[in-house]
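Once you've had a glance at the structure underneath, I'll fire off some questions.
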Amino acid sequence: MVTIAFISVSWIIRIVLIAALVVVIYKIFGGRKKGAGAAAAENPDRILNATIKDARVGDIVSITGFGDEFDDVDFTIEKRNRYDAHGWEWFELLGVYKGRQIWIEWEEDDALRITATSPERQIRLSQLDLTEDDLARMDDEESHDNYIEWQAQKYYYRESDEVMFHKDCVGEGEGFYLWDFEAEDGMNVISAEKWEGEPFQIFSGVVVQPYNIKVFKK
């Protein structure tokens, strides 16, 4: 009887040790998975497969083929601003690439539209054979038959309006006037801005397909 009781106790101890080992293994491996899921739930900003709409200051953006030699451009978002005109809004993301500022604008209507530009794409009114009176006339006419020419392409009038700029997406905003033109190929754009007390600022940009933009959350 004593021998049988000793054997039974021995097996019980073995079972307890095996069960404890299973618990430890689960906590090491299974517990890690659960912890990662919980962390993601607690921090919704860490989005997998993030799009440009999810991008915030501190995130990294990569634009395929936008570099000097058509290489990829990677930059950290330093500013995120908002624009609106009569209830319509779009956003701007700014960063630095090779010591030069890069900015992306995106808006969404029926589809997501993204444009990218940089300071070296700045144009003077004289280079476009354009005057302030020409822009004022286009604004009055609002005709999509009007166009300007740049680098052997015609850029057709798209729209013009007074726009409010909200730095860091806050505040009541600061107003300026904006003209938008789009090239015949649909892949290039020109924007003319007029801020009070400032000369015209004109930039050319490119339309970027959403699949050529990657966002890496911080």
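Read-outs: derived from the displayed coordinates by stated rules, not from any lab. The structure presented is a predicted model; accordingly, all values stated were derived computationally and were not measured. Cβ coordinates were reconstructed from backbone atoms using ideal geometry, including for glycine residues, and neighbour counts include every protein chain displayed.
Let's test the formula: R0 of 22 Å, r as the Cβ-Cβ distance of residue 79 and residue 218. What FRET efficiency results, to the nearest 0.05?
The formula returns an efficiency of 0.90 here.
Give the long-range amide H neighbours of residue 59: residues separated by 5 or more places, or on another chain, with amide H under 5 Å away, using H modelled in the peptide plane at 1.01 Å from N.
It is 77, 218, by chain and number.
Fewest first, what order do 62, 126, 160, 191 take by the number of other Cβ atoms within 10 Å?
Lowest to highest Cβ neighbour count: 126, 62, 191, 160.
If you don't mind, there's one more thing I want to ask. Take peptides 131-138, 170-177 and line them up by average Cβ neighbours within 10 Å, highest first, as a rough protection proxy.
Ranking the peptides 131-138, 170-177 by packing returns 131-138, 170-177.
With a 10 Å Cβ neighbour count serving as the proxy for reagent exposure, in which order, fewest first, do 123, 148 appear?
Lowest to highest Cβ neighbour count: 123, 148.
Where does segment 98-218 land on Rg/Rh, using Cα atoms and the Kirkwood Rh?
0.96
Going by amide H atoms built from the backbone, whose H comes under 5 Å of the H on residue 102, apart from near neighbours?
Sorted by chain and number, the residues that satisfy this are 95, 96, 97.
Roughly what would the spin-label model give for residue 120 and residue 185, points 7 Å off Cα along C-beta, in nm?
1.8 nm
For segment 166-174, just list the computed ³J(HN,Hα) in residue order, Karplus coefficients 6.51, -1.76 and 1.60, θ = phi - 60°, integers in Hz, with x standing in for Gly and Pro.
Result, ordered by residue: 10, 5, 6, 6, 10, x, 6, x, 10 Hz.
Simple spin-label model, 7 Å along Cα-to-Cβ: residue 140 to residue 70 in nm?
Result for the modelled spin labels: 4.5 nm.
Still on this model: Of 144, 166, how do they rank once you tally other Cβ atoms within 10 Å and put the fewest first? Intermediate values should be presented prior to the final figure.
Numbers: 144 11, 166 17.
Fewest-to-most ranking of 144, 166: 144, 166.
Per residue of segment 179-188, what does 6.51 cos²θ - 1.76 cosθ + 1.60 with θ = phi - 60° give for ³J(HN,Hα)? Whole Hz please, x for Gly and Pro, Karplus curve as stated.
These are the phi-based 3J(HN,Hα) values: 10, 10, 10, 10, 6, 4, 6, x, 10, 10 Hz.
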